[in-house]
1. Among the candidates Leu375, Leu363, Leu348, Leu391, single out the residue that is touching a Phe, Trp or Tyr at 6+ places or on another chain (Cβ under 8 Å), over 15 Å from Val334 (Cβ atoms) and assigned to a helix (DSSP H, G or I).
2. Tell me, yes or no, whether the stretch 49-68 has at least one residue that is among the acidic types (Asp, Glu), open to solvent by 50 Å² or more (accessible area, probe 1.4 Å) and under 30 Å from Val307 (Cα atoms).
3. Does Ala302 satisfy the criteria of being surrounded by 23 or more Cβ atoms within 10 Å (Cβ to Cβ), part of a helix (DSSP H, G or I) and at pLDDT 90 or above?
4. Name the pairs: first residue in the stretch 161-177 and over 16 Å from Val39 (Cβ atoms), second residue at pLDDT below 75 and open to solvent by 10 Å² or more (accessible area, probe 1.4 Å), Cβ to Cβ under 7 Å, at least 6 apart or on different chains?
5. If I filter the stretch 340-354 down to residues being over 19 Å from Leu389 (Cα atoms) and surrounded by 20 or more Cβ atoms within 10 Å (Cβ to Cβ), which single residue comes out as modelled with the highest pLDDT?
6. So how many residues does the stretch 138-158 have that are open to solvent by less than 10 Å² (accessible area, probe 1.4 Å) and either out of contact with any helix residue (DSSP H, G or I) (no Cβ under 9 Å at 6 or more places or on another chain) or over 16 Å from Asp95 (Cα atoms) (or both)?
7. Looking at Ser505, is it of a type in the set (Gly, Ala, Ser) and at pLDDT 80 or above?
8. Scan the stretch 142-155 and tell me whether some residue there is among the acidic types (Asp, Glu) and at pLDDT below 85.
Amino acid sequence: MARSSSETSASGRAGAPGPPYGQGDFDDPPAKRWWVLCVIGLAQLMVVLDATIVNIALPSAQQALGFSDGDRQWVITAYALAFGSLLLFGGRLADLVGRKRIFLIGLVGFAAASAIGGAAPNFEILVMARALQGAFGAVLAPAALSLLTTTFTDSGERAKAFGIYGAIAGAGAAVGLLLGGILTEYLDWRWCLYVNLLFAVAAFLGGMRLLRPGAPPGRTHLDIPGTLLVSGGLFCIVYGFSNAERTEWSAPSTWGFLLTGAVLLVSFVSWQLRARHPLLPMRVVADRDRAASYIAMFLSGAGMFGVFLFLTFYMQRTLLYSPIKTGLAFLPMVALLVITSVTTTNVLVPKFGAKPIVPTGMLLAGGAMAWMTALDRNSTYVGHVMPPLLLLGLGLGLIFATAMNLATAGIRPRDAGVASAMVNTSQQVGGSVGTSLLNTLATSAAASYLSGRRPTPAAVSQAQLHSYSVAYWWSAGFFAFGFVVTFLLFRPGPPRIAKPAADESPPTAAP
């Protein structure tokens, strides 16, 4: 005899307790849920490390394809533009179409784009492939995080899962530097793109087998005006900051795009307040803990990606490290970040909440940045580079997993995709803005230092060190501002996870 929907719990077992309808994308035995985490983590690692793995391969790719120094930036910018501008659209797509389906589509598209880029015969094809990578990454990343959110609903399991996921998100960029160095030195620069096929195939096979099919309940229409406004706004913001690296802040192509982006984003917020089916419901960002988490991801992304860039320059140009040795130098930081992330979400957050933890992480990371300003030509790795790197790993470990957990905690299942997209958008746009801003400030500092001096090798070397120091101080400023904002916004005490609203019950007739 058929059971009615009221007699069957959300977990699919009659009379058994389970998460609210739509929240259990995967509700099989716990052992399988951890395999799901492996699949999701693999996909997230692929997306995050791709932001830095190509940096190491750029000089070899430039030599092979014969493009200029001025064009080189577009290999990075094309990815950032597509990824940053389409994340909210990708997140809402997962809510509307189904998380498993979008996750698998994102994997296939990312793999295909990586194959095209790896086989690129010229610069134009490489840039096109990087833009496609960014577009499919914008579909894949929020689907992965929303799957994690809806798979792990038990508070204890959720803490462990987000600890691991936060560690991957924080350490992926450093892993990309190491992997890029190994592939470039021992194989070929093209393998920095081909390697994504291995990640994607493994994640696709695991996702096909482990993830539950089906579209979320209560699907609504896509907010097309909102999608166009926010995608255009984020594109202009990312492009404007990226353009500032190649031109001046006073150039119309810089401030014009930044101004246009700001206008479009303000228009987007205004539209969301009156749209019938908003792309980003204001209830998602209205929660204090969630808003604080998004700001924490933005500011830590700005500071983190900046330090990876300039510390890589320092180790390769000043300490004369090889790409592989440079990547290995980041491993102690990665190890401490992973340990801290897992410990924080499992032990500290349930007891103390985010208010003392994330601001403390901001202070530690800011202190690490300030410490790095003392690095010079005579510095050694063990005595001078590794200590602030370890402090940075400790600080980021406190920030990332905690912010990702609270940014998606208690979210309505139908909003899980777009809430997850906001996490990725915050980190990605923060990284783009931070990298562009710090690069511009560092370049200006180097030029100012050399002004009135003879450009001897010693003077040029010292100018580089001065530019790195300026970048580190500004990064410290980002984290200091993050300390103030997160201390004021996060609620005191253990997290209060909101219960999904009554309107999340299953519809009587599925479409």
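The values are calculated or read from the model by the stated rules, or taken from the named source; none is laboratory data. The structure displayed is predicted, hence computed values, not measured ones. Cβ placement follows ideal geometry from the backbone for every residue including glycine, while neighbour counts extend to all protein chains displayed. Just the protein is used for accessible areas: all its heavy atoms, side chains included, with ligands, DNA and RNA removed. Shrake-Rupley method; radii C 1.70, N 1.55, O 1.52, S 1.80 Å.
1. Answer to the check: Leu363.
2. no
3. Taking the combined requirement at face value, the residue does not satisfy it.
4. Within 7 Å, the pairs are Ala173/Ala51; Ala173/Phe305; Gly176/Ala51; Leu177/Ile56.
5. Looking at residues that are over 19 Å from Leu389 (Cα atoms) and surrounded by 20 or more Cβ atoms within 10 Å (Cβ to Cβ), I get Ala354.
6. Residues flagged as open to solvent by less than 10 Å² (accessible area, probe 1.4 Å) and either out of contact with any helix residue (DSSP H, G or I) (no Cβ under 9 Å at 6 or more places or on another chain) or over 16 Å from Asp95 (Cα atoms) (or both) within the stretch 138-158 amount to 1.
7. Considered against the rule, which asks whether it is of a type in the set (Gly, Ala, Ser) and at pLDDT 80 or above, Ser505 comes out as no.
8. Yes, the stretch 142-155 contains a residue that is among the acidic types (Asp, Glu) and at pLDDT below 85.
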